[in-house]
Amino acid sequence: MILLPALLLLASTQDAPPPAAKDVVVNSLRKLRIATQVDGGKVTACRARVSSGDAAIDSAACAATVACFNGGVTQPEPLADCVEVKVAAVVRERGGQ
């Protein structure tokens, strides 16, 4: 009787598909941290303080941060939402990778 649960567990792990590219992108974005320099109410410099592991995503996130902030979205949560939408568009253009 103990053997059956062990075999079921083994079978379920063997059939599991590899993580999807979308999951990899989401996990990369979770660790991304952006540092900005603000002067006169505008972002004047931006860099990835903690990289996502993908230079193109890091660059897109900085460009989005500058566009969103300098466009008037300055509060943390709305700014994060604005950046997320813009970065997601870049990821979609690349085919989710």
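A short reminder: the numbers here are calculations on the coordinates, not readings from a lab. Small disclaimer: the values here were computed from a predicted structure and weren't measured. Please note: Cβ atoms are built from the backbone with ideal geometry, for glycine as well, and neighbour counts cover all protein chains shown.
Assorted remarks:
- Relative packing of 39-45, 83-89, which averages over residues the other C-beta atoms within 10 Å, highest first: 83-89, 39-45
- Near VAL38, the amide H atoms lying under 5 Å from its own belong to THR44; only residues 5 or more places off or on other chains count, and H is placed 1.01 Å from N.
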